[in-house]
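**Student:** The structure is given below, and queries will be raised subsequently.
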Amino acid sequence: MKSDPTLDSSDWHKLETSEVTRLLESDCEHGLSDEEVERRQKKFGANTMSARSGTPAWMRFIQQFNQPLVYILVAASVITGLLQEWVDSGVIFGVVLANAIIGFIQESKAEKAIDALNSMVVTEATVRRGGYKKRIPSSQLVPGDVVLLQSGDRVPADLRLFDVNSLQVDESALTGESVPVQKHADVLGHDVVLADRKNQAFAGTSATYGTAQGLVSAIGDKTETGRIAWLIAETVELSTPLTRKIAAFSKLLLWVILGLSIVTFVVGVMRGEPPVDMFMAAVALAVGAIPEGLPAAVTIVLAIGVSRMAKRRAIIRKLPAVETLGSTTVVCSDKTGTLTENQMTVQRVYAGGQEYQITGVGYEPKGHLLGEDEAKLELADHPALLECLLAGVLCNDSQLVIEDGRHLMQGDPTEAALLVAGAKAGLDHETSMKEAPRHSMIPFESQHMFRATLHEHEDGRVIYKVGAVERLLERCADMLGSDGKTVPLDKEAIRVAVEKMASQGMRVLSFARSHDVPEEGDLSHDHVKEGMTFLGLQGMIDPPRPEAIAAVKDCRMAGILVKMITGDHALTARAIAEKLGIADGDGVQTMTGQELEKISDADLPAIAHRVEVFARVAPEQKLRLVRALQTHGHVVAMTGDGVNDAPALKQADIGIAMGITGTDVAKGAADMVLVDDNFATIKAAVEEGRGVFDNLRKFIVWTLPTNLGEGSIILVSIIFGLTLPVLPVQLLWVNMTTAVFLGLMLVFEPNEPDLMQRPPRDPKRPLLTFPLFMRTGLISSIMILGSFWLFFEELKTPGETEQEARTAVINVIVMVEVAYLFSCRSLNHSLFSIGLWTNRLAILGAFGMICAQLLFTYTPLMNKLFHTMPLGASSWGKILIVTLLSFAAVEFEKWVRFGGGRGKDKLPE
């Protein structure tokens, strides 16, 4: 071969067939010889996707431990083991191990995406080799092979077409084009985007109509589909907002705990205390300050979100995806099959000089015919409309079938739309064909832009013709009037009707008939070149999903931007966007892929933020747009269903694939799959995601002051040379039991009523804001002061021992945490405004915690294990005073900050 033809896949469309043949050293008539095929297979390899070398499994497992909070917990496990508290040490390490296993299991998206691409490309192909036609596995194709395509074939490799006979290819999964693309063999210009390279066919797409021959120009990884596979492999995995905030919080917590432990040890030694005792005191401080329940809470709260979403028809493939969607600031959605039905639908008809509407969407033949006054009408009273619809039914080779209760099309989507329009009017395809059987046909050809069929009718032979308006209208001599009689052709009125439909993003087809047919013989071009009667126009569009319109509205109300990024035409995309309500009243701002290419990376973030619709974009441009929005500070969710969406799905903070129409590639790259392809589920996912983050934040707000208070009690005791009010083993008891009985109850908190009225959280905002830190200080101070007050008050009581005083301190710590639990059920509102009984699990958990404390205080076994003693009524009275004070202080702080608990203002999100 003259050169490696797979080095630049963007050149083939601009070369003459003779030049392509020369470069590939092939023969269009005979194909390659078997010897040449064998030589090229050795040189270029198989027509399959190369396996990417990934991170070894053992390394991915080790990486699960590479986070600061895990460092703290591992250290806590080792230290508690050194304290010979083996059960506690095992529990802490068990939590760490469980989280590592869950993270390890979740990591397989890239491999799944590559496998899906591999299965998509490997098909069978019909080739011509040595002058003979044969069927071979597509993996055996080599550059220069001559491939024969026909309707229904999956394109096995990238082809430069040289002999095309009415070939139409469904490229929606690759480019986003709703309608099959009409192919040809003509040379194209240099500046032609992928979606407009009509003299090429691309691996993984499907032929829907006609036949063609082409030369293989690229195989395997060098195909356009293969390049997408590399885009997926090369895309950087992003952490989610939750994991970023937890990581930042963990790092801060790590240094705070280590610093306080060191201070405790140093101060104690400087005061003359034994180093071993001070080391154990430092361990006690670390154990008290470490929130052992945090990793479990993160996992459980996300798992609950997963369960709730599954009930709402959304499958989460990676736990943090639930929360990430809740923090999303912009949703980038593909148009075809995601925001739209992916089913071409006739919505407007112009016949007899009148305009008609057809209701209903998709391929289900349910709908009505409406006149200009939007009143239902009878087809028999409108003969011109009847003939226009009948022409679409008879001049048609597609079929509608029912599978699993769903209406599906076999053939061309445009023809299917014509069949459905006729069916809504009562014109059954099979019945109509029996009443007017087809005699012959002129198939659609790109140079003529029409097709025609000859039918035997009881009134004689009749020709029906359907095609582009500009080609068909010039061959008409008159038109059918509203009464069914021929009238002079009104080209101006027809032009106005065409422009009106086109302005709404519709694809417009025209229809004509002729009775001037010889009694014998087949149909020829001479029979349809002039003198025909114009019947009307049908305008069709891939309509937006009704539920998507509502979902877009809900997203915008929640402060989330919705962007349409599609490979379809700008006019169509803009029309759909307007119907969806994506933009404000100023109109939809649209930008094409060619315009996008001219914009620098520096300018793109601001433009990507401002523009609502991006049309005729290539896969790498979708990826670039997602990155630009992330650069602008957005948390990006990308929805899609095609191969072309996979790289952007993987790059986005959360990728959302469609379960029914979505390709395996898109599902493999996504974080979440919508089982029912319902864009409205996005709104539910946003709400659940916000609820997940809200509840996790509540848990952290609850655990931080309690752990800080426990650790500070140890620190204050060492600094001032006081007797320890609590022991390490007692703090372990508090941490483990309160995390289970109290903290985890917050993850079951129902969503607050105003959750979807809040704007998206600023991704740059810290996990805990200043007001929450102030509240943390308030609770910690009450816990510290209350503990020392109670400890010394108990020691003043005649006959009281240190064991009894420490038992009282442990109980006051627990009871403050119980009271604070109910305050944390809403960070903005009073407990009484949200309802005491709205989270029954919290009440049940508090009851269980109190019962556990009674066992801790009064049973001999617990007294022996934890060095406690029973308390009297006076001790419980003092505990109750501190508990009520802590609850009242937080509720008063809410009342002052948020206007009497009415929630006028809220803690910054």
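The values are calculated or read from the model by the stated rules, or taken from the named source; none is laboratory data. Computed from a predicted structure; not experimentally measured. Cβ: placed from backbone, ideal geometry, glycine included. Neighbour counts: every protein chain shown. All accessible areas refer to the heavy atoms of the entire protein, side chains included, with ligands and DNA or RNA removed. Shrake-Rupley method; radii C 1.70, N 1.55, O 1.52, S 1.80 Å.
**Student:** Keeping every protein chain present and rolling a 1.4 Å probe, give me the accessible area per residue for the chain in Å². Before the final figure, lay out each step's value.
**Tutor:** Numbers: 36300 Å² over 909 residues.
In whole numbers, the chain has 40 Å² accessible per residue.
**Student:** Using per-residue counts of other Cβ atoms within 10 Å, averaged over each peptide, order 492-501, 407-416 from highest down. Walk me through the intermediate numbers first.
**Tutor:** On the way: 492-501: 15.8, 407-416: 20.1.
Top of the packing list down: 407-416, 492-501.
**Student:** How much accessible surface does Trp876 have with a 1.4 Å probe, in Å² rounded to 10?
**Tutor:** Number for this one is 70 Å².
**Student:** Another question, if that's okay. Want the number for Glu38 to Glu492: 0.36 nm per residue separation, take away the alpha-carbon distance, what's left? Don't skip to the answer; put the middle values down first.
**Tutor:** Details: separation 454, 0.36 × 454 = 163.44 nm, distance 6.20 nm.
Difference between extended and current length: 157.2 nm.
**Student:** Oh, and also: On a full-extension model of 0.36 nm per residue, what is the gain between Glu372 and Glu273, subtracting their alpha-carbon distance, rounded to one decimal in nm? Numbers along the way, then the final one.
**Tutor:** Numbers: separation 99, 0.36 × 99 = 35.64 nm, distance 9.55 nm.
So the extension gain works out to 26.1 nm.
**Student:** In nm, to one decimal, how far is the Val716 label point from the Ala477 one, both placed 7 Å along Cα→Cβ?
**Tutor:** My value for the distance between the label points is 10.6 nm.
**Student:** So if I place +1 on the C-beta of Lys and Arg and -1 on the C-beta of Asp and Glu, and nothing else carries charge, what would the dipole magnitude of the chain be about its Cα centre? I want it in debye, nearest 20.
**Tutor:** My answer is approximately 3340 debye.
**Student:** What would the Debye formula give as log10 I(q)/I(0) at q = 0.05, 0.10 Å⁻¹ for the alpha-carbon point model of the chain, no solvent?
**Tutor:** -0.41, -1.08
**Student:** Fully extended, how many nm does the chain gain between Ile850 and Arg556 (0.36 nm per residue separation, minus their Cα-Cα distance)?
**Tutor:** Working: separation 294, 0.36 × 294 = 105.84 nm, distance 4.54 nm.
Gain in length upon complete extension: 101.3 nm.
**Student:** Next up: Hey, what angle do you get for helix 728-741 against the long axis of the chain, alpha-carbon based, 0 to 90 degrees rounded to 10?
**Tutor:** Computed tilt is about 40 degrees.
**Student:** Another one. Can you figure out the FRET efficiency of Lys251 with Val192, using R₀ = 51 Å and their beta-carbon distance, to the nearest 0.05?
**Tutor:** So, using R0 = 51 Å, E works out to roughly 0.50.
**Student:** Would you mind putting 741-753, 696-708, 674-686 in packing order, based on average other-beta-carbon counts within 10 Å, highest first?
**Tutor:** By packing density, highest mean first, the sequence is 696-708, 674-686, 741-753.
**Student:** Determine the calculated [θ] at 222 nm for the chain from helices alone, applying -39500 (n - 2.57) to every DSSP H run no shorter than 4 residues and normalising by the residue count; nearest 500 deg cm²/dmol. Working shown, then result.
**Tutor:** Working: 32 runs with 426 residues, N = 909.
One gets -15000 deg cm²/dmol as the mean residue ellipticity at 222 nm.
**Student:** Is there a pair in Lys14/Lys598; Lys424/Lys553; Lys14/Lys222; Lys198/Lys622 whose C-alpha atoms are over 24 Å apart, and which pairs would that be?
**Tutor:** Exceeds cut-off: Lys424/Lys553.
**Student:** Normalised by the residues of the stretch 445-602, what does the relative contact order come to in percent, with Cα pairs under 8 Å and at least six apart? Show your work: numbers first, answer last.
**Tutor:** Details: 209 pairs, mean separation 32.6, N = 158.
Relative CO of the stretch 445-602 lands at 21 percent.
**Student:** State the answer as a single residue: which of Gly226, Ser166, Leu649 lies farthest towards the positive end of the charge dipole of the chain, with beta carbon charges of +1 for Lys and Arg and -1 for Asp and Glu, about the Cα centre.
**Tutor:** In the chain, that residue is Leu649.
**Student:** Putting +1 on Lys and Arg Cβ atoms and -1 on Asp and Glu Cβ atoms, find which of Ser327, Val346, Gly362 reaches farthest to the positive end of the dipole of the stretch 300-366.
**Tutor:** The one lying farthest along the dipole's positive direction is Ser327.
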